[in-house]
1. Gap in Å between the Cα centre of the stretch A:50-118 and the Cα centre of the stretch B:179-217?
2. Given a cut-off of under 8 Å on Cα pairs at least six residues apart, what relative contact order in percent is computed for the stretch A:93-150?
3. Pop a pseudo-label 7 angstrom from the Cα along the beta-carbon direction at both residue A:115 and residue A:22 and give the gap in nm to one decimal.
4. Once you sort the root eigenvalues of the Cα gyration tensor of the protein assembly as shown as a ≥ b ≥ c, which label holds: rounded (a/c under 1.5), prolate (a/b larger than b/c) or oblate (the other case)?
5. Pick out which of A:265, A:234, A:324 has the largest mean-square fluctuation in a Gaussian network model of chain A, springs linking Cα atoms closer than 10 Å.
6. At what distance in nm do the modelled label points of residue B:235 and residue B:83 sit from each other, each positioned 7 Å from its Cα along Cα→Cβ?
7. Take the Cα atoms of chain A, find their three principal axes, and give me the spread along each one in whole Å, biggest first.
8. For the residue pair residue A:139 and residue B:76, what label-to-label distance in nm results when each label sits 7 Å from Cα along the Cα-to-beta-carbon direction?
Ligand SMILES: Nc1ncnc2c1ncn2[C@@H]1O[C@H](COP(=O)(O)OP(=O)(O)OP(=O)(O)O)[C@@H](O)[C@H]1O
Ligand SMILES: [Mg+2]
């Protein structure tokens, strides 16, 4: 028989189970194969990183008024700096660019309270941003009334265009996708088949085709003289296209929610829609955040395709406007690196935000 | 009041099932069920696994649809009419074997969801009611936690409180204790006994807890193969079972 009253005090972990040296030993040098791979990786890094740093930073020229000011040893960032405005605004007249800035600044300021937990009336603010703000932004950026000069959409370009297409694309593709996902799981045959048809159609065609159709074929079907904005057409195409993907991602989430959740909701007298919006969707959407963000990142990057219908997004400006400038020939690499970096920055931001969101929404019900 | 007077006779029976039949595909799961439940009556339904007990009580709030016969609740027949159905469901609470709490909402939000969104109760009032019922099920200190942070017994008590918050006239229980660890069963049963002894609440309870049946039931119903085989007072049912199948069933669960 064994009995004890003694409670053993906690002791610090032995020193050979922690610390950087131990970590290196365990993770990078644990076996001959591991050692080999570590050395190979180090060699690769040695081969690639120093020259890249040399080119991008050490030898780079940051300030120069003309191409002759660039030494050609390293990157000529002066080129980007000189045309920076155009990569952001496209052909938007310089004197009016404050309007774009105002609109985006307004959006950012309006969105900040949404991230503050204790902010009251988030619903109203969200509603304002979704329903009223788009009109304000449109009047600001497009103009044509209230004494603002009209700047038609063919002048929009650069990062501004990329962001406008993505933001509108995401905010409209998400609700449409949710409706489609619910429709696909509906017990009503008509609703179900319409949803399935819609989703399968848009998933079956490449986005390029959609954009071509929207700009080349659609006008053929429309009455003579009707002039439907090219950007709007492309945007509708993108939204419908992406909503099909969103729908399938959301459907995956819906399928993962046990039937008992829906039963418990309706058993309390909640309607179908209330059950969905209050009980099922919050859980389903939380589950599919990674998939949704994946789709949104794809959408963001796909905006570059609008180039083929003559709209110049960030990449389009870099490639076709800056690249065609005879005064600055020969700096394509800098242009592409710059465009890639900006795209990466936004995509990385989205990815980090989604991770933070997942952590925040975690309510410890995983078992 | 005039509405109530008019239906006084029918209102004696809060739930009536008349020749109720249900099939799952070709499988005849409920066969000619006739059952009248008086207001305030406490009924325990038992029977072997697969006999259709769950299906029977789930028909009452139309989580399952019956194909033949009638279910009449408070004098009104239950049809596919969704508006009527929603009204019935606000008056019929249900507790499930696996609790089915909403994991993304706090306990408090679980309890106030339906009162706020269905009954349009002001939030403060709904929260006060919720707190009252949480105290009754003896877990007022858990209001701000999420369901995933509670033990099974606590979750089931929350589920009971959640149903009670809607102030239902009927409570349906589908094996509320059979997913629980043995030491948690009694804490849930205590809450149910208290609810039953308070009176006024019509309760239909599928359970194998015969102690509970003996203590509070007005009637015990024994089902097998989709039929009601025997129904009697608990005394008679346990001490003097009539049908052979009941005797067999009782011998299996009691020993
Ligand atoms: N959705 C369904 N589709 C087909 N058959 C079903 C379905 N649900 C239940 N059944 C069948 O109907 C019969 C009755 O099921 P029910 O769940 O009502 O039994 P029960 O008496 O509650 O059993 P238990 O004690 O195991 O819960 C079972 O044989 C079951 O296999
Ligand atoms: Mg059952």
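Here, each number is a calculation from the coordinates, and none is a lab measurement. The model shown is predicted, which means the values in this text are computed figures rather than measured ones. Every residue, glycine as well, gets a Cβ built from its backbone with ideal geometry; the counts of neighbours run over all protein chains shown.
1. Centre-to-centre (Cα) distance: 70 Å.
2. 37 percent.
3. So the two model labels end up 3.7 nm from each other.
4. It is prolate, given that a/c is not under 1.5 and a/b is the larger ratio.
5. Looking only at A:265, A:234, A:324, the biggest GNM fluctuation is shown by A:265.
6. 4.8
7. The Cα atoms of chain A stretch 97, 66, 42 Å along the principal axes, largest first.
8. With each label placed 7 Å out from Cα toward Cβ, I get 4.7 nm.
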